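S.K.: Here you go, one structure.
The values are calculated or read from the model by the stated rules, or taken from the named source; none is laboratory data. Keep in mind that what you see is a predicted model, and the values were worked out from it rather than measured. Here the Cβ positions follow ideal geometry from the backbone for every residue, glycine too, while neighbour counts run over all protein chains shown. Side chains are part of the model used for accessible areas, which takes the heavy atoms of the whole protein and leaves out ligands, DNA and RNA. Shrake-Rupley method; radii C 1.70, N 1.55, O 1.52, S 1.80 Å.
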Amino acid sequence: MRESTQYGEPDQEPAGAGRGTAVDPTRRSPAPRPVGEHRRHWPRSFADRLTAPLPGVVEFARFVKDGAVRPGPDGLRDIPQLPFAPAPLPRVRTTDICLTWVGHASWIVRIAGLTVLTDPVWARRILGTPARITPVGVRWEDLPPVDAVVISHNHYDHLDAPTLRRLPRHTPLFVPAGLARWCRRRGFVRVTELDWWEGAELPGADGRTVRFDFVPAHHWSKRSLTDTCRSLWGGWVMSDSHGGTVHFAGDSGYGDWFPQIGRRHPGIDMTMLPIGAYEPRWWLRAEHMDPEEAVQACRDLGAARMAPMHWGTFVLSSEPVLEPLTRVRAAWERTGRPRDQLWDLPVGTSRILRPA
């Protein structure tokens, strides 16, 4: 795996620095970008941001030959045991942070009076995968008004066009560099695309502000045969100006971005980390963490709590469907950290955090 480098503002490089120049990870976040900013210029490809080469013809041929695409019957037998406990959304105060797991990487995050959706996928089926094995945790009609959406990257299990079409076109969308055009073609008028380490802000309630910072991930992007790495990928740090910080990792393999994010954003109260879609390991290691790596990533981030995600919703790989949960619980126990700091929520369940 190549050593990661950090990137700053794509339109205005730091004095004396060229693209790919390492930047001090402890420096203060730059001033917020304007919401809905137009006319940003990006490179044709973000392939130089990859921290591991994408699989080639040889690897793909091995993958097809092995046939380890989905679990066998033994790996699917625990589908009825997957945790699913839908409940009405709780009432929250402006000072609260409330997380509700909708399934996969879709969360309802309520922070500083705002309702934010992460990688919203309410569809029953996405391209190239079987139908959901657990229902959506919250009915669309039960959602409060959505104040913002964050997108981690353009893979179909994270960027779902039918779900986005349900939103008012003035809904603020925060997306990776290179993805605004896709959103604007679908009628959205407040699209903010950001490079790694950049942020933008929305006003919350009671004089609060929520900052949305786009942070790196070990992953890639592709939505068609001709657009590999044409848009960026990453995670999001959402911060209440009066206290309270949440990290949403999107999709990521394990690597050195996590301690760097933790240094740039100290005091993360909660991180939502992927724990599924990791087998076969030789094929998926660079882009998807396994449960043990996710627990280590939580530690690297310096996060006070961890909420597992990206498992138990779509069958994307060959591990048994319940294995990610059992392994993450065991890995957490081995750390000696308090059990209540692992928020292994059933789909449809909410939990409230009241930052000190």
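S.K.: Of the numbered conditions (1) closer than 23 Å to ALA131 by Cα; (2) under 16 Å from the mean Cα position of the chain (by Cα); (3) in a helix (DSSP H, G or I); (4) not basic (Lys, Arg), PHE314 satisfies every one except a single condition; which is it?
M.R.: It fails just one condition, (3).
S.K.: Being in a loop (DSSP other than H, G, I, E, B), open to solvent by 20 Å² or more (accessible area, probe 1.4 Å) and modelled with pLDDT of 95 or more narrows it down to one of VAL146, VAL138, so name that one.
M.R.: Among VAL146, VAL138, only VAL146 is in a loop (DSSP other than H, G, I, E, B), open to solvent by 20 Å² or more (accessible area, probe 1.4 Å) and modelled with pLDDT of 95 or more.
S.K.: From (1) more than 22 Å from LEU273 (Cα to Cα); (2) out of contact with any helix residue (DSSP H, G or I) (no Cβ under 9 Å at 6 or more places or on another chain); (3) free of Cβ contacts under 8 Å to residues at least 60 places away in the same chain; (4) of a type outside the set (Phe, Trp, Tyr), pick out the condition that doesn't hold for THR94.
M.R.: (3)
S.K.: Out of everything in the range 101-128 that is in contact with a strand residue (DSSP E or B) (Cβ under 8 Å, 6 or more places away or on another chain) and part of a loop (DSSP other than H, G, I, E, B), what residue ends up being surrounded by the most Cβ atoms within 10 Å (Cβ to Cβ)?
M.R.: Among those that are in contact with a strand residue (DSSP E or B) (Cβ under 8 Å, 6 or more places away or on another chain) and part of a loop (DSSP other than H, G, I, E, B), it is HIS104.
S.K.: Continuing with the same structure: Give, as residue ranges, the strands (runs of 3 or more DSSP E) completely inside the range 152-227 that count at least 2 residues that are within 14 Å of the chain's Cα centre (by Cα) and closer than 22 Å to HIS38 by Cβ.
M.R.: Ranges flagged: 173-176, 209-215.
S.K.: Among GLY262, GLY243, which is out of contact with any His (no Cβ under 7 Å at 6 or more places or on another chain), of a type outside the set (A, V, I, L, M) and modelled with pLDDT under 95?
M.R.: Checking each option against the conditions leaves just GLY243.
S.K.: Another question about this same structure. Looking only at the range 59-71, how many residues end up being within 24 Å of PRO135 (Cβ to Cβ) and open to solvent by less than 50 Å² (accessible area, probe 1.4 Å)?
M.R.: Total satisfying the criteria: 1.
S.K.: Does ALA286 satisfy the criteria of being part of a loop (DSSP other than H, G, I, E, B), among the aliphatic types (A, V, I, L, M) and touching a His at 6+ places or on another chain (Cβ under 7 Å)?
M.R.: Spelling it out, ALA286 is indeed part of a loop (DSSP other than H, G, I, E, B), among the aliphatic types (A, V, I, L, M) and touching a His at 6+ places or on another chain (Cβ under 7 Å).
S.K.: Given the structure, is PRO176 in contact with a strand residue (DSSP E or B) (Cβ under 9 Å, 6 or more places away or on another chain), surrounded by fewer than 24 Cβ atoms within 10 Å (Cβ to Cβ) and touching a residue at least 40 places away in the same chain (Cβ under 8 Å)?
M.R.: Considered against the rule, which asks whether it is in contact with a strand residue (DSSP E or B) (Cβ under 9 Å, 6 or more places away or on another chain), surrounded by fewer than 24 Cβ atoms within 10 Å (Cβ to Cβ) and touching a residue at least 40 places away in the same chain (Cβ under 8 Å), PRO176 comes out as no.
S.K.: Let me ask something else. With the checklist (1) surrounded by fewer than 19 Cβ atoms within 10 Å (Cβ to Cβ); (2) under 24 Å from TRP283 (Cβ atoms) in hand, flag the one item ARG49 doesn't pass.
M.R.: (1)
S.K.: Another question about this same structure. Filter the range 149-166 for residues that are buried (at least 16 other Cβ atoms within 10 Å of the Cβ) and more than 16 Å from THR192 (Cα to Cα) and give the result.
M.R.: Selection gives HIS155, TYR156, ASP157, HIS158, ASP160, THR163.
S.K.: Here's a follow-up. Quickly run through the range 232-254 and pick out the residues that are out of contact with any Asp or Glu (no Cβ under 7 Å at 6 or more places or on another chain) and surrounded by fewer than 23 Cβ atoms within 10 Å (Cβ to Cβ).
M.R.: SER241, HIS242, GLY243
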